[in-house]
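Rule-based calculations on the coordinates, nothing more; no lab input. All of these numbers come straight from a predicted model, not from anything done at the bench. Heads up, the Cβs are rebuilt from the backbone with ideal geometry, glycines too, and the neighbour counts pull from every protein chain shown.
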Amino acid sequence: MMGWSKALERSRHRFDNLMTKAKPADDAIDGIFHPLRGNPIADRVFYWASEGADYSRAWHLIGIVMALVSPSRRADAVRLAISLGIESALVNGGAKNLLPRERPPLLDDRSHEVRRPKTKSFPSGHASSATLTAVLLSDAMPRLRPFWWALAGIVSASRVHNRMHHASDVAAGAIVGTTMGRLVKRLWPLR
């Protein structure tokens, strides 16, 4: 048992060092968003995107509509819903506990306050679920691929804009979601 605890401690130390190295990039990307904060249009878009994607509500709604409108895509909707459940368990129940990282400090202006999750920051669950969804919906409806990826990008960017995540959290979440999406397509092919 002692071996596991030492290995976990070493892994967390390496993770902390990696996040320290990511801080300049995180700060630079946060600086890009700073002029957009307070812009009514940008705030509305990014705050709506964050709220809509909470608990993967938007993604499940899209899956339900897809199944109702096009019965031939019901299997795609089921695959999406199950995949999102697994993704949430792995990211929110697993990775965030193993690699604890504090969220960025909130801004003084809380005019568009979004729900502040109780989980730790790394990786971004919003980004992982958004990119997982983009991969699977692009498979289901390839003609809408640019739309799915634009939605995923807006939701992911919203987490930096709203100061819910560091940019490196979002990048890691996007990598996790994209990888999971590709793995799901391989293990559960529908085409």
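Tabulated results
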quantity	calculated
Amide N proximity, the stretch 158-176 versus residue 25 label position 7 Å along Cα-to-Cβ, cut-off under 18 Å	158-161, 165-176
The chain, helix-only ellipticity at 222 nm - DSSP H runs n ≥ 4, -39,500 (n - 2.57), divided by all residues, nearest 500	-23000 deg cm²/dmol
Label-to-label distance, nm, for residues given as residue 89 and residue 39 (7 Å Cα→Cβ offset)	4.1
For the stretch 113-191, alpha-carbon Rg and Dmax in angstrom	13.0, 42
Positive-end residue of 168, 62, 39, charge dipole of the chain with Cβ unit charges	62
Cα-based Lys pair tally, the chain, threshold under 28 Å, eight or more apart or on separate chains	14
Potential extension, residue 61-residue 179 segment - 0.36 nm per residue separation minus Cα distance	40.2 nm
Percent RCO, i.e. relative contact order, over the chain, from Cα pairs under 8 Å lying at least 6 residues apart	27
Residue 32-residue 7 pseudo-label distance in nm [points 7 Å out on the Cα-to-Cβ vector]	3.7
Cβ-based exposure ranking for 161, 13, 126, 60, in which fewest neighbours within 10 Å come first	13, 60, 161, 126
